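Notes for the one structure printed next.
The values are calculated or read from the model by the stated rules, or taken from the named source; none is laboratory data. This one's a predicted model, so the numbers in the text were calculated from it and none came from an experiment. No Cβ is skipped: glycine too gets one built from the backbone with ideal geometry, and neighbour counts run over all protein chains shown. Just so you know, the surface numbers come from the protein's heavy atoms only, side chains and all, with ligands and any DNA or RNA stripped out. Shrake-Rupley method; radii C 1.70, N 1.55, O 1.52, S 1.80 Å.
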Number of protein chains: 2
Amino acid sequence: MNIIGELFGYIAGICTAICFLPQTLQTIRTKNVDGLSLLSYIIYCTGLISWILYGLYIHSLQMLIFNGIGLVFGGIILYMIIRRQK
Amino acid sequence: MNIIGELFGYIAGICTAICFLPQTLQTIRTKNVDGLSLLSYIIYCTGLISWILYGLYIHSLQMLIFNGIGLVFGGIILYMIIRRQK
């Protein structure tokens with residue numbers, strides 16, 4: 001179970017990092033943010049920032065990297081929602 | 001730093017759990033899934049399932065709860081995207 005357990009951790013971390021890459025590319029391409037929830041992306045980015053701060057607290061480089069990459073995509077989407085809603 | 005560090009962990013966990021609640025409500029209300037990326041929600045839900053399995057592996061009840069709640073909302077959004085795209 002050890003290796004499989006660790007594997008799930010890595011799959012989970014990679015998914016956390018890249019899950020909103022396709023959404024970012026789609027939103028940049030289509031500029032369609034109508035269906036996206038501003039509040040959800042505010043909470044999502046707040047969560048990622050909190051995970052990064054928690055990662056610093058527990059000295060987890062992996063947590064910093066995975067959530068840092070995720071924050072780049074979440075931040076881009078959040079920026080586009082705010083810009084289009086003005 | 002101990003209490004503040006733990007606090008970041010709880011804020012992060014709560015954000016993970018509820019971040020896509022507003023998105024879920026908005027998508028149910030508007031039925032507008034045009035701007036939502038199917039692939040992103042597939043990866044997002046895969047990540048949450050992996051975190052749940054990892055939570056079982058490290059015996060973390062909090063990880064199970066936070067990601068389990070998140071998966072409910074992510075799963076509803078994913079279901080609506082798939083249904084509308086048929």
A:Gly68 in a helix (DSSP H, G or I) and either surrounded by fewer than 19 Cβ atoms within 10 Å (Cβ to Cβ) or in contact with a strand residue (DSSP E or B) (Cβ under 6 Å, 6 or more places away or on another chain) (or both): yes
Qualifying residue in the stretch A:21-35 (condition: in contact with an Asp or Glu (Cβ under 9 Å, 6 or more places away or on another chain), more than 16 Å from B:Ser40 (Cα to Cα), open to solvent by 60 Å² or more (accessible area, probe 1.4 Å) and not polar (S, T, N, Q)): yes
Among residues of the stretch A:10-61, those that are touching a residue at least 12 places away in the same chain (Cβ under 8 Å) and either part of a helix (DSSP H, G or I) or of a type in the set (Val, Ile, Thr) (or both), counted: 21
Which numbered condition A:Gly74 fails, given (1) assigned to a loop (DSSP other than H, G, I, E, B); (2) within 21 Å of B:Leu25 (Cα to Cα): (1)
Residue that is of a type outside the set (Lys, Arg), surrounded by fewer than 20 Cβ atoms within 10 Å (Cβ to Cβ) and within 17 Å of the chain's Cα centre (by Cα), where the choices are B:Leu39, B:Leu48: B:Leu39
Output for the stretch B:54-81, where each listed residue is facing chain A (nearest Cβ under 10 Å), within 20 Å of A:Tyr10 (Cα to Cα) and more than 14 Å from the chain's Cα centre (by Cα): B:Tyr54, B:Gly55, B:Leu56, B:Tyr57, B:Ile58
Residue match in the stretch A:4-11 (condition: over 22 Å from B:Ser40 (Cβ atoms) and facing chain B (nearest Cβ under 7 Å)): yes
Extreme residue, farthest from B:Ile3 (Cα to Cα), among residues of the stretch A:71-86 that are open to solvent by less than 10 Å² (accessible area, probe 1.4 Å) and β-branched (Val, Ile, Thr): A:Ile81
